[in-house]
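**Q** Take this structure first; my questions come after.
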Amino acid sequence: MTSRRAAFVIAHPYVDAIACFREPIKRLADEGWQVDLYTTLSPVHPPPAFKCDNVRLRPIEITRAGAVRLVADLAWGRPKYDWIFAVPQWSLHYAGIAASLGRIPLVCISDELKADCEATTGDTRRWRERERRAHQRCVFTIALTEERAAFVRSENRLGSDHEILVVPNAAPGPAERLPSHYYQDTLDIPPDKCVLLHAGSWWWKVGFGGIEDEARRWSNGNVLVFQGRLLNHFAGAASHPNLRFAPTVLPSDLLDYAVSSAHIGLALYDTSTMNNRMLGAASGKVTLYMKNALPVILPRHPSFDWIEREGCGVLVDELAGLDDAVARIRADYDRYVSNVKRYYDAKLDFTKYFRPVRALMNGPLTHD
């Protein structure tokens, strides 16, 4: 029997570190699907690694010639793809052309939200219209939260009959802390210190550029660790015992082990964009921390109100509140950890949320 085939078109590097991409690819591959990942490679990111013979990496180039090759490979490659998954905007646009030519069902993984009100130039408006047209041709959509699903339905004018399934940007299985002293061992952190971890990109520095100075003023045994996702992410070693810069870009299968050696997760976001204002539980940093049973600290913003309401962490109004936020969590640490595990297992575990996706993929198609 011929294996079923799926293509994922994701013009972002470091795909395997982002759960909303990694987990569907892994799940289909584990079920025996042949999965081709069309993605960009970057000199500052490790190439995606899935350690599975069923997943093949297909590098793409964001050029006109690269777009033509991509459309040809998707539409006329043999054996024919059974499904194509793509993310806005470039990937979804060209995947949509290929899906129409090859009569292949297309699915949008709605990761980054783009708003009409933020499209202020001719080029960004054209891309918004391309995204909207391609999205309307999709068989269904995967959104990361209910709020984001409602936004994309309205913004891209999807009909009431367009199926949108919410699949959290999170890993499968229950939240658990792995036995690990990774940061203590690799960054020479004394075992009695409380490790506050920021894992991921540095876009949060917009509005939070003083965080390093703030950490230098701490005197209660906290150490702030930065885990980047780019090679040469940090200019040099941290110059204070309260700060550590992790120099290694970790492969995705080591992230849980590293994160489990921390005690509290930190996620600071610039909320000037619609995407970040609607992050909520779609934050990859937050779900990574919570998967490893870490309480979290975030900026005070309505999309993060559930963090305090569910007892999973503390929200802060300014950088000066970080020290107090850590102290609050440490004073009742076991309760925060218990709440994190409860919430993750009930609301974020990828496994149960992906089942409806597989049901739609196995069902009859109604598109032309």
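The values are calculated or read from the model by the stated rules, or taken from the named source; none is laboratory data. This one's a predicted model, so the numbers in the text were calculated from it and none came from an experiment. In this analysis, Cβ positions are derived from the backbone assuming ideal geometry, glycine residues included, and neighbour counts consider all displayed protein chains.
**Q** Can you list the helices (runs of 4 or more DSSP H) lying wholly within the range 119-222 that have 3 or more residues being exposed (fewer than 13 other Cβ atoms within 10 Å of the Cβ) and free of Cβ contacts under 8 Å to residues at least 40 places away in the same chain?
**A** Hits in the range 119-222: 122-136.
**Q** Could you please find all residues in the range 309-341 being closer than 22 Å to Gly284 by Cβ and free of Cβ contacts under 8 Å to residues at least 24 places away in the same chain?
**A** Within the range 309-341, Arg309, Val314, Leu315, Val316 qualify.
**Q** For the range 278-300, give me each residue that is over 23 Å from Arg177 (Cβ atoms), more than 15 Å from the chain's Cα centre (by Cα) and crowded, with 16+ Cβ neighbours inside 10 Å.
**A** The one that is over 23 Å from Arg177 (Cβ atoms), more than 15 Å from the chain's Cα centre (by Cα) and crowded, with 16+ Cβ neighbours inside 10 Å: Pro299.
**Q** Residues of the range 239-262 being of a type in the set (A, V, I, L, M, F, W, C) and closer than 15 Å to Pro46 by Cα, which ones?
**A** Selection gives Val249, Leu250, Leu254, Leu255.
**Q** Would you say Ile307 is of a type outside the set (Lys, Arg), part of a helix (DSSP H, G or I) and more than 27 Å from Phe21 (Cβ to Cβ)?
**A** no
**Q** Which of the residues belonging to the range 284-303 are under 14 Å from Gly265 (Cα atoms) and assigned to a helix (DSSP H, G or I)?
**A** Gly284, Lys285, Val286, Thr287, Leu288, Tyr289, Met290, Lys291
**Q** Can you tell me which residue in the range 107-118 is nearest to Leu360 (Cα to Cα), limited to those that are part of a loop (DSSP other than H, G, I, E, B) and among the charged types (D, E, K, R)?
**A** Within the range 107-118, the match that is nearest to Leu360 (Cα to Cα) is Asp111.
**Q** How many residues does the range 6-25 contain that are at pLDDT 95 or above and outside any helix (DSSP H, G or I)?
**A** 5
**Q** For the range 125-140, give me each residue that is within 23 Å of the chain's Cα centre (by Cα) and farther than 25 Å from Val357 by Cβ.
**A** Trp127, Arg128
**Q** Just to verify a result, which residue in the range 34-54, among those that are at pLDDT below 95 and over 19 Å from the mean Cα position of the chain (by Cα), is farthest from Thr141 (Cα to Cα)?
**A** Ranking the qualifying residues of the range 34-54, first place goes to Pro43.
**Q** Within the range 323-337, identify whether any single residue is hydrophobic (A, V, I, L, M, F, W, C), under 18 Å from Leu178 (Cβ atoms) and at pLDDT 95 or above, and answer yes or no.
**A** Scanning the range 323-337, I find at least one residue that is hydrophobic (A, V, I, L, M, F, W, C), under 18 Å from Leu178 (Cβ atoms) and at pLDDT 95 or above, so the answer is yes.
Residue-by-condition table, conditions (1) in the same structural domain as Gly280 (by TED's automatic domain parsing); (2) modelled with pLDDT of 95 or more; (3) of a type in the set (Asp, Glu); (4) over 20 Å from Ser303 (Cβ atoms):
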site	(1), (2), (3), (4)
Ile97	no, yes, no, yes
Leu101	no, yes, no, yes
Asp123	no, yes, yes, yes
Trp127	no, yes, no, yes
Arg133	no, yes, no, yes
Val139	no, yes, no, yes
Thr145	no, yes, no, no
Ala149	no, yes, no, no
Ser154	no, yes, no, no
